[in-house]
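In what follows, a single structure is set out as structure tokens and then discussed.
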Amino acid sequence: MPSPSPLLVMRDIDKRFQGVHALAKASLEVQPGEVMALVGQNGAGKSTLIKVLTGAYSRDDGSITFAGQPIAFASPMEAQRGGVSTIYQEINLVPFRSVAENIFLGRERRRYGLLDWPRMNAEAAEILRRFAITVDVRKPLMDFSTAIQQMVAIARAVSFQAQLVIMDEPTSSLDEREVEVLFDVMRQLRAEGVAVIFISHRLDELYQVCDRVTVMRDGRTVMTRRMDEVDKLSLVAAMLGRDVEAVRSRETAFAAATGRAGGDVLSVEGLKVGRRVRDVGIEVRSGQIVGLAGLLGSGRTETARAVFGADPADAGAIRLMGRAVAPQEPADAIALGVGYCSEDRKADGIIPDMSVRENLTLAILPRLVALGVVDETRQRAIVETFMKRLAIKASGPEQKIRELSGGNQQKVLLARWLCADPKLLILDEPTRGIDVGAKAEIQALIRELADQGLGVLMISSELEEIVEGADRVYVLSDGRTVADLPHAQATASAIMAAMAHAGGASENADG
């Protein structure tokens, strides 16, 4: 049988910013009822291509047809009305409004000229049930976890009855059960003839739900293949522009664990924080990378925040460098030599409209002030040193950090703490949402820092990072430490078996 006419054809798309090609003859073709993976390193052109399609950017050259008609959407709202609905990685909803209001934002149901609250609440609840979520849709969105907020954003986009749904890193805040629900919805959409463009850095997910994959590199489309025709290593090689053999040796860029360890940097016993952390015990020594593994809701992030003083502990003992401490706020922990890169660098890490220089030196600003004035000469020297040391790619120290790629933003945050000369560095999902090239650089840097004597506590949802990168692994389940595994015993199967110890994650968890 002849194949159906493509729903979307983007051909020879060019886009320049200040004369520099962001897209150079890029192409993308999606069939009706197809789940198309769109992958590439940060800066490969994925987001720019999507923004050209949805009208956020105008194209400089090339053609776009949608449902057989030439199109040039003037804005994302016009694209939405035209049958293209987009879900962004950063949740772009209104936190103070109710769940129902967010789902129907801009298309509120009315009766006799007034808002029809019963109808909106009932329809919102019904839409969410499709995603196996039962919540009070009358409550403000901010009352719910990041995972629930992300599912609300996805439900809103799907509810537009679009012909094409674009999902940009939709699983980054979801646990395994929620990811499977999302994949079920994607399969339903495919069965209904709705096409999906799925952007994800988690390559394993592509093989679960996608039909074909388009790879971009340096603003160009370099490969489009069926998922069952390309293995993961070939996919990574295409993204990096390298030979397959160059990426075959290891899943991550972590050097082999050395086994060397110095004195105690962190010791936690019987930690309790609210309802999420019930009995956690961990230990980090200088020169070690200690992995903290567990499902969403296991208490990983809450444990890290307690050590950093962001959420003071209710019970238990914390010792830093052999000294009993009870940090009540981050300033206490920073003074004790603790640095913390949070899970959400955009919400809790970077200050987007400030420069690289200002972001990098934020943690040591009090040390740079004399008589109320910042010593800019010293500040610039520190920034220059760490930009070189971490190979931060930017036009200069005054460039706004929001203009940097995700990997370079993460490097600035690492530099922020390294210039404070910490003894313990806590990294919560240090490579989340960044491309494979930048991920490799950061993984290698983490090992280098540990080899220089820094104690590192690393939280990661990617088993490869934990298995290959950590000298020791603690597994949390239901707020408790359920396994303490030396590197030789910390296999993926052993960690997963320990994760299942207490029945996994709760629906509304966010840690």
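The values are calculated or read from the model by the stated rules, or taken from the named source; none is laboratory data. The structure displayed is predicted, hence computed values, not measured ones. Heads up, the Cβs are rebuilt from the backbone with ideal geometry, glycines too, and the neighbour counts pull from every protein chain shown.
Against the condition among the hydrophobic types (A, V, I, L, M, F, W, C), surrounded by 22 or more Cβ atoms within 10 Å (Cβ to Cβ) and in a helix (DSSP H, G or I), how does L414 come out, does it pass?
yes
Which residue is surrounded by the most Cβ atoms within 10 Å (Cβ to Cβ), if the candidates are limited to the range 31-47 and must be modelled with pLDDT of 85 or more and polar (S, T, N, Q)?
The qualifying residue surrounded by the most Cβ atoms within 10 Å (Cβ to Cβ) is S47.
Of the residues that sit in the range 267-289 and are hydrophobic (A, V, I, L, M, F, W, C) and surrounded by 24 or more Cβ atoms within 10 Å (Cβ to Cβ), which one is farthest from D421 (Cα to Cα)?
Result: V277.
So, L105, is that one in the same structural domain as F198 (by TED's automatic domain parsing), surrounded by 15 or more Cβ atoms within 10 Å (Cβ to Cβ), touching a residue at least 24 places away in the same chain (Cβ under 8 Å) and not basic (K, R) or not?
In short, no.
If I go through the range 196-209 residue by residue, how many of them are outside any strand (DSSP E or B) and in contact with a Ser or Thr (Cβ under 9 Å, 6 or more places away or on another chain)?
Of the residues in that region, 5 qualify.
Per-residue answers, yes or no, for (1) under 17 Å from N102 (Cβ atoms); (2) crowded, with 23+ Cβ neighbours inside 10 Å:
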{"residue": "R129", "(1), (2)": "yes, no"}
{"residue": "P140", "(1), (2)": "yes, no"}
{"residue": "F144", "(1), (2)": "yes, no"}
{"residue": "A147", "(1), (2)": "yes, yes"}
{"residue": "F160", "(1), (2)": "yes, no"}
{"residue": "M167", "(1), (2)": "no, yes"}
{"residue": "R177", "(1), (2)": "no, no"}
{"residue": "D184", "(1), (2)": "no, no"}
{"residue": "A191", "(1), (2)": "no, no"}
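Assess whether A100 counts as being modelled with pLDDT of 90 or more, over 20 Å from the mean Cα position of the chain (by Cα), over 23 Å from Q163 (Cβ atoms) and in a helix (DSSP H, G or I).
So A100 passes the test.
Each row is one residue, and each column tells you yes or no for (1) touching a Ser or Thr at 6+ places or on another chain (Cβ under 8 Å); (2) modelled with pLDDT of 85 or more; (3) surrounded by 15 or more Cβ atoms within 10 Å (Cβ to Cβ).
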site	(1), (2), (3)
V194	no, yes, yes
R217	no, yes, yes
A237	no, no, yes
L240	no, no, yes
R248	no, no, no
T258	no, no, no
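For M36, all conditions in the list (1) part of a strand (DSSP E or B); (2) more than 27 Å from the chain's Cα centre (by Cα); (3) not β-branched (V, I, T) hold save one; what is the number of the exception?
Every condition holds for M36 apart from (2).
So how many residues does the range 466-492 have that are outside any strand (DSSP E or B) and closer than 11 Å to L292 by Cβ?
Number of matching residues: 2.
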